[in-house]
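K.L.:
One structure follows; several queries about it will come next.
The values are calculated or read from the model by the stated rules, or taken from the named source; none is laboratory data. What you see is a predicted model, and the numbers here were worked out from it, not measured in a lab. Here the Cβ is made from the backbone with ideal geometry for all residues, glycine too, and neighbour counts use every protein chain on show. To get the accessible areas, we keep the full protein, side chains included, count just its heavy atoms, and leave off ligands, DNA and RNA. Shrake-Rupley method; radii C 1.70, N 1.55, O 1.52, S 1.80 Å.
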Amino acid sequence: MDIISFPNEVLCQILLYNNIEISDLHHLMLTCHRFHNLIRNSNEIWRQKFMIRWPRLHNELRNKENEMPWLDVVALRLKVVKDVEKALENFSAVSYPIGQPPIKLMDKLILGDSSFVLSSQFVEDELLKLIYHPTDMQKQNLTSKFYANQALGYVRRCRLQTMWQKFKAKPESEISLLEGAMLISQWGQIDQEHLTSLREVETILEDIAQRVRQLADMKSSAIDAKTATDDPRTVRKILNCLNQVLYEEKGFQGNKEDYYAHDNSYIDKVLQTKKGIPITLCIIYHEVAKRLGIQCEPVSFPQHFLLRWREHPHRESADSYTFIDAFNNGASHQPRSCPALIGQPRPNIHREAYAAVPAEQVFQRMVNNLIQCSRVHDDRPDSRRDDQRLRNQLHFSRLACVISPGQTPSVVAYAELCAFLGVQLEEAIQLLLSDEFSDEWTRVDFEPGHWERVRQITYTKCARKLSEQQSQTKNTAACHRPSSMRYAVGLVMKYSVGEELLRRSYTCVIVSWDAKCQASDEWISRMTRNLIRGRDQPFYYVLTEDGNAGYVAEDHLELHPGGAIINHADVGLHFEYFDGRRYIPNNAKRAEYPEDEAIALSLLEQ
């Protein structure tokens, strides 16, 4: 019996089989008019194929299934694969050796087919696939991965900035502490594959609230909860149950051992680890209490964030409130005992410290905490370079500008870091030239025009640095090797430094070289005094296994006996692959050092 004789319903069921792929459908559509029309007009077939090929995206779109033209959605997603591949190749060509793709090119990638609102979402999905799920791990293109990470960071910053703008546009009464805290958490974990959603966290908090209801024997309806929480004695009973669930049953606690870890500031991580700092534990406490019909207000107490609820409405001002220390098992305090939490006498604490604060102040404090964490804390077990700590500060300084736009000190702090590190310069310049600046800073402690002059100075720094980088990307000349040079770009080396008893060794990869040391005289006198050949020898720029970078004399290097993978964020800026012994330069690096590949191969063959 010929398949063409089957009814359409049967053919559709056959075509839904998992082993029939999207490419097979395209081929079948070319065989005859009947197959062409049947497949083209079957929305369910294309929905199923999309679900199989891109399950994560399908889950995000499932609420819109009935209105989705799935053939068009599949076509767009396939187009994005080619668009992203082409864009990443272009990024490498125009951005080397700086590694910062121009904003106009990244915007072009994000917008794609601007007539279809899903373009940026599909671009993000394809970037995640390239970074975390390459088709062949052994041959993953490190340069494509490097620029995919650059693009992913930009795509997500743009998306989260838009979400912040929509969030802040809500009336104050609708601003949710939890939603804002989750946006901060997503920003902080922007390079992770999965960003925990608000819905996932809300589910966890509702489960905690339901357990408190069981313990307190409350009904779960909003009306009953409201009635129950009109009585302060009932509220006290419920809060005691909340403390029991959070701290005794669930094991939440203040993270006193690792206070400055970034994870302590991320609500989803605190719910996972059960450890946090006062402000995140207060937000969790506040959200559970809210689900129980209890209003706990945020209090930005100095050095120790608190909550308050009105237990004594007949008293005046702050004395009518009981203050809750979520960091210390939900302990209750009267105003007179709060200063002792931070080791201060009562007269040192101003009355304003006991007031409830708006949500934006809570978010500002959270971001300031993260900036401080970036200065003092190292989240990795190995030795993280100062450069990475500065990049963390920059990342959260950018968020401070998003949460409170127009605040000159925040914008200047961010832009100064951009100028120093040579990253995100175009974004910094856009902010410095913005017309959103508030004039409130001109009235505090500074003479008129102070902040305008500061902005102009910082703008000049950023513009000059950007101009230098653009010149570098346009004028990269080929470097020809002197005969005296021993090593080559892409070789994995052992790097030893220090006196004999304190000598340390690192594994590194060479990314470039100078025939003679090009550092400053002060650096040369300090760093080359123990070298037999001093400055008159080749010096190599290297990336080390601990995430650092260095400028190393040839006398301090020796070829690694077996080769090694260097886990450094900038490896992909220079190299496409690791072949087991050495790193293979990408096209831009090969054009800059055309003679090095032959030398590297000859050394490895010896």
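K.L.:
What are the residues in the range 552-568 that are surrounded by 15 or more Cβ atoms within 10 Å (Cβ to Cβ) and more than 17 Å from Ile532 (Cα to Cα), if any?
P.N.:
Leu559, His560, Gly563, Ala564, Ile566, His568
K.L.:
Got at least one residue in the range 245-262 being surrounded by fewer than 19 Cβ atoms within 10 Å (Cβ to Cβ), assigned to a helix (DSSP H, G or I) and among the aliphatic types (A, V, I, L, M)?
P.N.:
No, the range 245-262 has no match at all.
Residue-wise test of (1) in contact with a Ser or Thr (Cβ under 7 Å, 6 or more places away or on another chain); (2) under 24 Å from Asp207 (Cβ atoms); (3) modelled with pLDDT under 95.
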site	(1), (2), (3)
Asn264	yes, yes, no
Ile283	no, yes, no
Ala318	no, no, yes
Asn328	no, yes, no
Pro347	no, no, yes
Glu352	no, no, yes
Val367	no, no, no
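K.L.:
Could you list, in sequence order, the residues of the range 540-572 that are under 32 Å from the mean Cα position of the chain (by Cα) and farther than 16 Å from Leu142 by Cβ?
P.N.:
Tyr540, Tyr541, Val542, Thr544, Asp546, Asn548, Ala549, Gly550, Tyr551, Val552
K.L.:
Could you please find all residues in the range 211-258 being of a type in the set (S, T, N, Q) and either over 18 Å from His286 (Cβ atoms) or modelled with pLDDT of 95 or more (or both)?
P.N.:
Keep residues of the range 211-258 that are of a type in the set (S, T, N, Q), which gives 214, 220-221, 227, 229, 234, 240, 243-244, 253, 255.
Within the range 211-258, Gln214, Ser220, Ser221, Thr227, Thr234, Asn240, Asn243, Gln244, Gln253, Asn255 meet the criteria.
K.L.:
Would you check if Ser5 is small (Gly, Ala, Ser) and closer than 30 Å to Lys129 by Cβ?
P.N.:
So Ser5 fails the test.
K.L.:
Please list, ordered by first then second residue, the pairs with beta carbon atoms under 6 Å, 6 or more apart or interchain, first in the range 577-606 and over 13 Å from Val489 (Cβ atoms) and aromatic (Phe, Trp, Tyr), second open to solvent by less than 60 Å² (accessible area, probe 1.4 Å) and modelled with pLDDT of 95 or more.
P.N.:
Every condition considered, the pairs that remain are Tyr577/Ile584.
K.L.:
Determine whether Leu195 is assigned to a helix (DSSP H, G or I) and either open to solvent by less than 30 Å² (accessible area, probe 1.4 Å) or at pLDDT below 95 (or both).
P.N.:
Here the answer is no, as Leu195 does not meet what is asked.
K.L.:
Within the group Ala216, Ala169, which residue is small (Gly, Ala, Ser) and either in contact with a Lys or Arg (Cβ under 7 Å, 6 or more places away or on another chain) or open to solvent by less than 30 Å² (accessible area, probe 1.4 Å) (or both)?
P.N.:
Only one candidate passes the filter, namely Ala216.
K.L.:
Right, next: Can you tell me which residue within the range 267-296, out of those that are within 15 Å of Arg365 (Cβ to Cβ) and in contact (Cβ under 8 Å) with a residue 60 or more places away in the chain, is nearest to the chain's Cα centre (by Cα)?
P.N.:
Ile267
K.L.:
Output the residues belonging to the range 118-148 that are among the hydrophobic types (A, V, I, L, M, F, W, C), within 20 Å of the chain's Cα centre (by Cα) and surrounded by fewer than 22 Cβ atoms within 10 Å (Cβ to Cβ).
P.N.:
Leu128, Ile131, Leu142
K.L.:
Only helices (runs of 4 or more DSSP H) wholly contained in the range 1-87 count here; list those with 2 or more residues that are under 26 Å from Lys108 (Cβ atoms) and either open to solvent by less than 70 Å² (accessible area, probe 1.4 Å) or in contact with a strand residue (DSSP E or B) (Cβ under 6 Å, 6 or more places away or on another chain) (or both).
P.N.:
By residue number, 55-61.
K.L.:
Could I ask something else about it? Would you check if there is a residue in the range 345-361 being under 30 Å from Gln189 (Cβ atoms), in contact (Cβ under 8 Å) with a residue 12 or more places away in the chain and touching an Asp or Glu at 6+ places or on another chain (Cβ under 6 Å)?
P.N.:
Within the range 345-361, one or more residues are under 30 Å from Gln189 (Cβ atoms), in contact (Cβ under 8 Å) with a residue 12 or more places away in the chain and touching an Asp or Glu at 6+ places or on another chain (Cβ under 6 Å).
K.L.:
Tally the residues that are in a loop (DSSP other than H, G, I, E, B) and either touching an Asp or Glu at 6+ places or on another chain (Cβ under 8 Å) or free of Cβ contacts under 8 Å to residues at least 40 places away in the same chain (or both), restricting the search to the range 317-343.
P.N.:
3
K.L.:
Then there's this: Exactly one condition in (1) hydrophobic (A, V, I, L, M, F, W, C); (2) assigned to a loop (DSSP other than H, G, I, E, B); (3) under 24 Å from Asn587 (Cβ atoms); (4) under 37 Å from the mean Cα position of the chain (by Cα) is not met by Val492; state its number.
P.N.:
Val492 satisfies all of (1) hydrophobic (A, V, I, L, M, F, W, C); (2) assigned to a loop (DSSP other than H, G, I, E, B); (3) under 24 Å from Asn587 (Cβ atoms); (4) under 37 Å from the mean Cα position of the chain (by Cα) except (2).
K.L.:
Here's another thing I want to ask about it. Give me the pairs, please: first residue somewhere in the range 155-169 and among the polar types (S, T, N, Q), second residue anywhere and modelled with pLDDT of 95 or more and in a helix (DSSP H, G or I), beta-carbon distance under 6 Å, and either six or more positions apart or on two chains.
P.N.:
Gln161/Val402
K.L.:
Let me ask something else. With the condition kept exactly as written, say whether any residue in the range 495-510 is closer than 30 Å to Asn141 by Cβ and in a loop (DSSP other than H, G, I, E, B).
P.N.:
no
K.L.:
Of the conditions (1) free of Cβ contacts under 8 Å to residues at least 60 places away in the same chain; (2) open to solvent by 20 Å² or more (accessible area, probe 1.4 Å); (3) more than 30 Å from Lys589 (Cα to Cα), Asp107 clears all except one; give me its number.
P.N.:
Here Asp107 clears every test but (3).
K.L.:
Which of the following residues is charged (D, E, K, R), in contact with a Phe, Trp or Tyr (Cβ under 9 Å, 6 or more places away or on another chain) and over 30 Å from Gln100 (Cα atoms): Arg315, Arg346?
P.N.:
Only one candidate passes the filter, namely Arg315.
K.L.:
I would also like to ask the following. Does the range 280-291 contain any residue that is in contact with a helix residue (DSSP H, G or I) (Cβ under 8 Å, 6 or more places away or on another chain) and farther than 30 Å from Ser374 by Cα? Give the derivation first.
P.N.:
Let us first name the residues in the range 280-291 that are in contact with a helix residue (DSSP H, G or I) (Cβ under 8 Å, 6 or more places away or on another chain), namely 280-289, 291.
Add one more test, that the residue is farther than 30 Å from Ser374 by Cα, and what stays is 289, 291.
Looking through the range 280-291, at least one residue is in contact with a helix residue (DSSP H, G or I) (Cβ under 8 Å, 6 or more places away or on another chain) and farther than 30 Å from Ser374 by Cα.
K.L.:
For a quick check of your reading of the model, give me the residue pairs whose first member lies in the range 525-539 and is within 16 Å of Ala515 (Cα to Cα) and open to solvent by 90 Å² or more (accessible area, probe 1.4 Å), whose second is part of a loop (DSSP other than H, G, I, E, B) and not small (Gly, Ala, Ser), with beta-carbon atoms closer than 9 Å and at least 6 apart or on different chains.
P.N.:
Arg535/Lys516; Arg535/Cys517; Arg535/Thr528; Asp536/Lys516; Asp536/Cys517
K.L.:
Restricted to the range 265-316, and to residues that are of a type in the set (S, T, N, Q) and in a helix (DSSP H, G or I), which residue is surrounded by the most Cβ atoms within 10 Å (Cβ to Cβ)? Break it down stepwise before answering.
P.N.:
Taking the range 265-316 first, the residues of a type in the set (S, T, N, Q) are 265, 272-273, 280, 295, 300, 303.
If we keep only those that are in a helix (DSSP H, G or I) too, we end up with 265, 272-273, 280.
Details: Ser265: 24, Gln272: 12, Thr273: 17, Thr280: 28.
Going through the qualifying residues, I end up with Thr280.
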